[in-house]
């Protein structure tokens, strides 16, 4: 079975902290994505990566950065967390020749 | 940019009835239209998808129709069951090869 795992299901951080969200996929997929999900807004793309060390901004990259040092791992970084970054964060992976994105279970982040 | 409108935002049906969720999109170059189901506490899971060279696709109780001229596509669930209760998202892949999602529909199937 396809598997995308995220390091934490729930996370609580303070304003100004540096936050790392980790995502690992076991599908040998080239493409990986980070979305945030907010009520009434659906899923919005933050960043994506189509290969190791490659990254591209999505629709809402402000306040975030990413790192992809290995093919299976894609990290989302909040350099200085703010309360408006309280959200559900979803990671997804996709193979180069397939269309389907496979999602992880999500990390619910609360910034106090 | 690309835009996907999804309706309704909430839908309540009786067990055994049909449910229909509709989405419209704006990018005429869109060529791939997946539907995802998200259960409480889980990530979205693909349930069915359709490509632009096909008008309809069916998988047991689930079907998707696509009207490229009108730029809309719909999810049809027949003989609904309580386990169909979830949030459903439509999406489209446009000319920039990214998925753009609708805002979601909360489907409740009442026993």
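Taking strands (runs of 3 or more DSSP E) as the structural unit, those lying wholly within segment B:1-71 and holding at least 1 residues that are within 25 Å of residue A:23 (Cβ to Cβ) correspond to B:4-7, B:32-38, B:45-51.
Each row is one residue, and each column tells you yes or no for (1) at pLDDT below 95; (2) over 24 Å from residue A:92 (Cα atoms); (3) touching a helix residue (DSSP H, G or I) at 6+ places or on another chain (Cβ under 8 Å).
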position: B:13; (1), (2), (3): no, yes, no
position: B:17; (1), (2), (3): no, yes, no
position: B:30; (1), (2), (3): yes, no, no
position: B:35; (1), (2), (3): no, no, no
position: B:42; (1), (2), (3): yes, no, no
position: B:48; (1), (2), (3): no, no, no
position: B:55; (1), (2), (3): yes, yes, no
position: B:77; (1), (2), (3): no, yes, yes
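Of all residues in segment B:86-95, those satisfying the criterion of being facing chain A (nearest Cβ under 10 Å) and within 18 Å of residue B:3 (Cβ to Cβ) are B:89, B:90, B:91, B:93. Tallying residues that are touching a strand residue (DSSP E or B) at 6+ places or on another chain (Cβ under 7 Å) and either surrounded by 15 or more Cβ atoms within 10 Å (Cβ to Cβ) or not in a strand (DSSP E or B) (or both) within segment A:19-41 yields 16. Against the numbered list (1) within 13 Å of residue B:25 (Cβ to Cβ); (2) free of Cβ contacts under 8 Å to residues at least 12 places away in the same chain; (3) within 14 Å of chain A (Cβ to nearest Cβ), residue B:57 comes up short only at (1).
Could you say whether any residue in segment B:60-78 is surrounded by fewer than 15 Cβ atoms within 10 Å (Cβ to Cβ), under 19 Å from residue A:99 (Cβ atoms) and more than 14 Å from every other protein chain (Cβ to nearest Cβ)? No, segment B:60-78 contains no residue that is surrounded by fewer than 15 Cβ atoms within 10 Å (Cβ to Cβ), under 19 Å from residue A:99 (Cβ atoms) and more than 14 Å from every other protein chain (Cβ to nearest Cβ). For segment B:24-47, filtering for residues that are under 10 Å from residue B:92 (Cα atoms) and within 11 Å of chain A (Cβ to nearest Cβ) leaves 4. Would you confirm whether or not segment A:2-14 contains a residue that is within 11 Å of chain B (Cβ to nearest Cβ), in a loop (DSSP other than H, G, I, E, B) and under 23 Å from residue B:104 (Cβ atoms)? Within segment A:2-14, one or more residues are within 11 Å of chain B (Cβ to nearest Cβ), in a loop (DSSP other than H, G, I, E, B) and under 23 Å from residue B:104 (Cβ atoms). With respect to the conditions (1) surrounded by fewer than 21 Cβ atoms within 10 Å (Cβ to Cβ); (2) away from chain A (no Cβ under 14 Å), residue B:106 lacks only one, and its number is (2).
Just checking, does segment B:9-16 include any residue being closer than 30 Å to residue A:6 by Cβ and exposed (fewer than 15 other Cβ atoms within 10 Å of the Cβ)? Yes; the residues of segment B:9-16 include at least one that is closer than 30 Å to residue A:6 by Cβ and exposed (fewer than 15 other Cβ atoms within 10 Å of the Cβ).
In this structure, is residue B:88 at pLDDT 95 or above, over 21 Å from residue A:58 (Cβ atoms) and assigned to a strand (DSSP E or B)? Write out each step before concluding.
Values: at pLDDT 95 or above: yes; over 21 Å from residue A:58 (Cβ atoms): yes; assigned to a strand (DSSP E or B): yes.
Considered against the rule, which asks whether it is at pLDDT 95 or above, over 21 Å from residue A:58 (Cβ atoms) and assigned to a strand (DSSP E or B), residue B:88 comes out as yes.
Conditions tested, residue by residue: (1) within 14 Å of chain B (Cβ to nearest Cβ); (2) modelled with pLDDT under 95; (3) touching a helix residue (DSSP H, G or I) at 6+ places or on another chain (Cβ under 8 Å).
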| residue | (1), (2), (3) |
| --- | --- |
| A:26 | no, yes, no |
| A:40 | yes, yes, no |
| A:50 | yes, yes, no |
| A:55 | yes, yes, no |
| A:58 | yes, yes, no |
| A:67 | no, no, no |
| A:80 | no, no, no |
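The values are calculated or read from the model by the stated rules, or taken from the named source; none is laboratory data. Owing to the predicted nature of the structure, the values given are computational and were not obtained by experimental measurement. Counting neighbours? That spans all protein chains shown, and the Cβs are built from the backbone with ideal geometry, glycine included.
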